[in-house]
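Below: the structure, in structure tokens.
The values are calculated or read from the model by the stated rules, or taken from the named source; none is laboratory data. If you're wondering where the values come from, they're calculated on a predicted model, not measured in any experiment. In this analysis, Cβ positions are derived from the backbone assuming ideal geometry, glycine residues included, and neighbour counts consider all displayed protein chains. Just so you know, the surface numbers come from the protein's heavy atoms only, side chains and all, with ligands and any DNA or RNA stripped out. Shrake-Rupley method; radii C 1.70, N 1.55, O 1.52, S 1.80 Å.
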Amino acid sequence: MPLFMRAIEAPGPLAMTNDPDTAAAVAARLDEHLAVRPQFAERIYRELLMALHRCSVASIDSIHDEAHRRAGLAVGEIVDDPNLPGRDRWNEAERQLVEQITREYVCRYFTVADVDDLVNLTLKREEVHNLETAANLANISFRELADLVQRFCKLPLGETQLAPAEVVGTRVALTRHLVSDQLEFIGIAKNHLKIRDFDDLTRRMIGSDTGMGRIGGKAGGMLLAHRILAAAEKDQQPYLPVAIPDSYYLRSDVIEEFLRLNRLDEYQSQKYKPIEDVTREYPLIRGVFRNGDFPLRIVHQLRRILDEIGNDPLIVRSSSLLEDRFGTAFSGKYASIFVANQGTLEQRLRALLGAISEVYASVMAPDPILYRREHNLIDYVEEMAVLIQRVVGVRFGDYLLPPVAGVAFSRNEYRWSPRIRRQDGLMRLVMGLGTRAVDRSGSECPRMIALGAPTLRPESTVEEIMGRAQRTIDLIDLEKNRFRSIRLQELLADGADFPTLDRLVSTYRDGELYTPTGLRVDADALTLCITFDKLLRTTPFVQRVHDMLRRLEDVYGVPVDLEFATDGEKFYVLQCRTQPQAIDVGPVTVPSDIPADDVIFDAHRYVRTGLVEDINYIVYIDPAVYDAVPTRERRIELARVVGRINRKLVPKSFILVGPGRWGSNDINLGVPVRYADISRCCILIEVARLKDGFCPEVSFGTHFFQDLIEADIHYLPLYPDEEENRFNGIFLNKTPNALVDIVPDDADFAGEIRVIHVPTVANGRKLTVVMDGETDHAVAYLK
């Protein structure tokens, strides 16, 4: 039993237990330590003296008195008067006597293990002091700091640990140098990231030995969340133990070397240009960056890593210093590139370098630049670190994919039933890579799961479930050496059993969906529907995710979101950040006395509480008109015109009303706007007309949706063809179009985009939108 435990379990002086042989062994071990480390002799004796005092074997004062007596000196009185000096300082003879008496007590009462532990504690204290001193130097190099970290971590753990107060300063300094300088992050990390965590981190960081850089927000959030969750399940055997993928970290200072080497510093000024110029020039910049050269030492390090990893697919992810910070998530703003990583070493290296350079180029993209302007971060020197990870997944034929991936939120901002509580959280679940959980893609949706009521679906009929269910799976095609999206039927075409398929799908038969009863799924692939019903009903998966979110929110002190994937054996944390929160406006009641002629539209599904008044403009794209737009190029340009209108109108003075899914990856399902195109509106409205085939995706949890919340943009889906809803198509389609007044150069689009100046067409009145989330009712009316 360690010394400190014996002192706790048996308060008071330790019993004299050492026989002469044990005492001799203790003396011999102490001599060994002092012979090997003579420079630490004084500190070792000080630690032993303090241990004797803490364990009530002998107080410091009693040993001092004994030294006085042996020196033939009178023992002085203890002086309690704060205005008088206490005991006299030791002279050299007394110091030697104190060490001799300390040694006698140690040999009489302590064990060899106690001595080893206390000497180890002394060395750790010394190394921590040296490490903290070095880590607080502004100009220390990465190699100097990494060597100090690794030297500390070579010391034995020992039974007795340093007190938290002794190491927290070192943790803070290491976090600030190597991970993040944001105080909110450091305030949490100092209690959870241990010094030994930085040992593995420094061995996986890529960059110049003489430089210094950080791993960025995304990588830091992942590491911190993993440490918090791993500590919570220590000494347990949880369902799907928490882990992080095999990861390497290209430091944030490497991008500066890349820019200097390729003479690309001129592009640093892109952030100050008009957003139209940024948008027009970005494709060129992306091409220039992709063909840039990297410093040879970086290339050599990446080649070594690829040689270690082999042919496992990789994902190259942005990890900007601004990304995933408290209050600025930058959700989906920077590039993340999948690298299938097949072929010769040099071919794989070329693909990896190309992916890294594309991540670097995304710093110059219009969306992150506009986002930085809106959050007053435009003058911050952007430093982009890069996170290189093995893709989580299982090998299935020529494909690699995780059976389950998704994103989970500790708070549910939109609820489709009164039984769903905001504080229970939300999860978006997909089969395959998690891209479909966070992007708006295609006519299908992830499985939406209210964590407090996991079987309560947004859909009410089997037909709705089948119509909205995921049918396309994102994966890595190892044969074709690229990221692909394929149908479930193609994945299962060879008849092999996909791992845990019975938990992922249901079978459609006789107008109903049935969960597989056994482990094997024998049904025709054409009858399968991805529902996750068995996973949700027969495993603790939902409760596991719910508990993780609760733990993270408790530690962070604010709601969080968590991106993850599982290979069926472990739960891999991919990203963790604070969750943007909608502004709480308090209770809102829809007036009951609104004249029918003043109502422009109302809604009764997926309403979040809010009140928006004094709306001057409605920017409207009729679903039927959009459906008739003949070419892809015209639809893309239409989205850019919306962006130009967005930049011309006064912020928060207008609403956007359009077909299907704003910002969808599928251009046929909605206007392909980017964040920069919609950032200044106050409400984004998606119109579902049955005859036109458009259907809003209730996109809670996508990066697009997170942007809306962070920018305080309300979201509202409209279903005009449902009997209880009103939709004033005459007002929206027949009133004068002010588009030419706003963007005269885009007059050619007046037939497709209508800009209605409400006061002009409504006798000076403006538009008000009242949204009552409690009753699921919203009304837009002239006031």
Please report the carbon-and-sulfur percent of the accessible area for the stretch 263-406; probe 1.4 Å, protein heavy atoms only, DNA, RNA and ligands left out. 50
Assigning unit charges at the beta carbon (Lys, Arg +1; Asp, Glu -1) and nothing else, what dipole magnitude in debye, to the nearest 20, does the stretch 222-381 show about its Cα centre? 120
Averaged per residue, what accessible area in Å² does the chain show with a 1.4 Å probe, protein chains only? 42
Segment residue 96-residue 27, length gained on full extension (0.36 nm per residue, minus Cα span): 23.2 nm
Separation between Cα centres of the stretch 488-545 and the stretch 404-447, rounded to whole Å: 19
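Which order do 416, 662 take when ranked by solvent-accessible area (1.4 Å probe, heavy atoms of all protein chains), largest first?
Result of the area sort, largest leading: 416, 662.
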Magnitude of the charge dipole, the chain, Cβ model with Lys/Arg +1 and Asp/Glu -1, debye to 20: 960
Under the rule of at least 5 residues apart or a separate chain, name every residue whose amide H is placed under 5 Å from the amide H of residue 396. 401
Integer Hz, Karplus 6.51/-1.76/1.60 couplings in order for the stretch 373-382, x for Gly and Pro: 4, 5, 9, 6, 10, 5, 8, 5, 6, 6
What list of ³J(HN,Hα) values in whole Hz, one per residue of the stretch 660-675 in order, does the Karplus curve 6.51 cos²θ - 1.76 cosθ + 1.60 (θ = phi - 60°) give from phi, with Gly and Pro shown as x? x, 10, 4, x, 5, 5, 9, 5, 7, 9, x, 5, x, 6, 10, 3
Could you sort the peptides 537-546, 671-680 by per-residue average Cβ neighbour count (10 Å cutoff), highest mean leading? 671-680, 537-546
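For a distance above 21 Å, tell me the whole-number percent of Cα pairs in the stretch 298-369 that qualify.
Of all Cα-Cα distances in the stretch 298-369, 33 percent exceed 21 Å.
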Whose amide H sits under 5 Å from the amide H of residue 670, counting only residues 5 or more places off or on another chain, with H placed in the peptide plane? 661
Once a ≥ b ≥ c are taken as the square roots of the eigenvalues of the Cα gyration tensor of the stretch 103-249, is the result rounded (a/c under 1.5), prolate (a/b larger than b/c) or oblate (a/b not larger than b/c)? oblate
Mind jotting down the distance between the C-alpha centroids of the stretch 289-360 and the stretch 126-187, whole Å? 28
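Could you check how many percent of all C-alpha pairs in the stretch 638-783 are farther apart than 24 Å?
30
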Hey, how much of the P(r) for the stretch 89-155 falls beyond 19 Å, as a percent of Cα pairs? 55
Output ³J(HN,Hα) for the stretch 237-247: one whole-Hz value per residue in order, computed from phi by the Karplus curve 6.51 cos²θ - 1.76 cosθ + 1.60 with θ = phi - 60°, and x for Gly and Pro. 10, x, 5, 6, x, 6, 7, 10, x, 4, 10
When a/c is below 1.5 the answer is rounded, else prolate if a/b is larger than b/c, else oblate, so apply that to the stretch 573-662 with a ≥ b ≥ c taken from the square roots of the Cα gyration tensor eigenvalues. oblate
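Starting from the alpha-carbon convex hull of the chain, give the projected area averaged over all orientations, in nm².
Reported value for the Cα convex hull: 44.1 nm².
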For residue 514 and residue 308, extending 7 Å from Cα along the Cα-Cβ vector and measuring point to point gives, in nm, a value of 5.1
